[in-house]
Each structure stands twice: as structure tokens, then as C-alpha cells.
Amino acid sequence: MKKLLPFMMAALAPSLFASPMPEKAELLATNTVIARFDGLTDIPCRFMTADCPDKCDHATKVANFTVLVNENYAKPGKYGDDKAEVGSVVMVDVKKPTPGQDDNKVFALVDTLQPGDTVCLTQDHYYVDTESAAYPVRPVTKIEKVEKPAAAPEVPAAVPATPIQPRMMMPGRRARR
């Protein structure tokens, strides 16, 4: 069995990089924006389970994009994300696979970006309903580097996202006894 384990892990590895969208996924909204890349932010584990921080997978890294122009917005039903306004921030997880997203393409492009670069990205908002859970998914279905449009307004640099601190590490709070 020990000899088969590496082969089994190698066979499962591709599934970690491209996960398909579940069958019961309803498109709620789609936003296509021209955005400025503001950099990466590490979001640490929030120590919310007994497995934290050693055995959990809560910590992640996100790419922050500030919206300069919203090119296309569609919300086919009653629910879904609102239109991404100029100056709002779109965050894309660049550590964990997202269903319905070409993770290899997204991760590779984000690795080449420098703060201040401009991209055109489309982020869809799906509601997934499986037998065991119901949850939202926001895959990036298109991302490409573009030139900054001349008509784009000057948007101030976004304030870096502040990671959520665990309660026990917040300043001014005493530990319970």
C-alpha cells in the first residue's frame, strides 16, 4: 500500500488545479471590469477550529484589484452581487482552487503582474446547491492584461485589506480564565 500511495496522490493532483463547477449551479450575476492590480494580501488563519493553525486550510492569499471602469454587468434574477462601482475592490483568491475557474491561468497571470498594472477581468457569481451544502462561488472566468483606458477616472490607491485577527490576539482584549 505504501508503494501505491505516491501514485494515487499523483493521479489526484490535477484535480486540485482545475475543479469543475458543480451541476446545480445557478448564475446570479456577472461583472466585467477594467481594474488596477494593487498587490497581494495574506489572510492568516483565524483560529476558529480545533485543527487551527497546524492542520487547517483557512489561511489564504488574495489579489486585490481596484475597479476603474465597469464594462458589462448582468444580474439575470433577483439575487446576486451588485454592480462593481468605480473604486470598489475585487479580491481573487490565488492560493486555493475555485470551482469553474481556470486556476492555472489566473494564478500564472497574477504572478506576472506588478502593482499598478491594468487588467480586464470577468467575475461571475454562482449559487451552488448540492445535496450536502449550499454556498456562493465567484470564479474569474476571464482575466487578461490590458492598457489603462484613457477615459478611466483617477482612483486613489486602495487601502490594503486588513486581515481579520483572531479574538485572542486583538489588542485591548483580555484572555478569559
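Screening Thr49 with (1) modelled with pLDDT of 80 or more; (2) over 18 Å from the mean Cα position of the chain (by Cα); (3) of a type in the set (Ser, Thr, Tyr) gives one miss only, at (1).
The single condition among (1) under 18 Å from Asp38 (Cβ atoms); (2) more than 18 Å from the chain's Cα centre (by Cα); (3) among the basic types (Lys, Arg) that Lys78 does not satisfy is (1).
If the condition is being buried (at least 16 other Cβ atoms within 10 Å of the Cβ) and among the aliphatic types (A, V, I, L, M), then region 31-59 contributes Val33, Ile34, Ala35, Leu40, Ile43. Go through the residues of region 96-118 one by one and say whether even a single one is surrounded by fewer than 17 Cβ atoms within 10 Å (Cβ to Cβ), under 28 Å from Pro156 (Cβ atoms) and in contact with a Cys (Cβ under 8 Å, 6 or more places away or on another chain). No, region 96-118 has no match at all. Just checking, does region 112-124 include any residue being within 16 Å of the chain's Cα centre (by Cα), among the β-branched types (Val, Ile, Thr), modelled with pLDDT under 90 and within 20 Å of Ile34 (Cβ to Cβ)? No: region 112-124 contains no residue that is within 16 Å of the chain's Cα centre (by Cα), among the β-branched types (Val, Ile, Thr), modelled with pLDDT under 90 and within 20 Å of Ile34 (Cβ to Cβ).
The single condition from (1) over 22 Å from Ile43 (Cβ atoms); (2) at pLDDT 85 or above that Ala152 fails is (2).
The values are calculated or read from the model by the stated rules, or taken from the named source; none is laboratory data. Everything numeric in this text was worked out from a predicted model, so none of it was measured. Don't worry about glycine lacking a Cβ; one is built from the backbone with ideal geometry, like all the others, and counts go over all protein chains shown.
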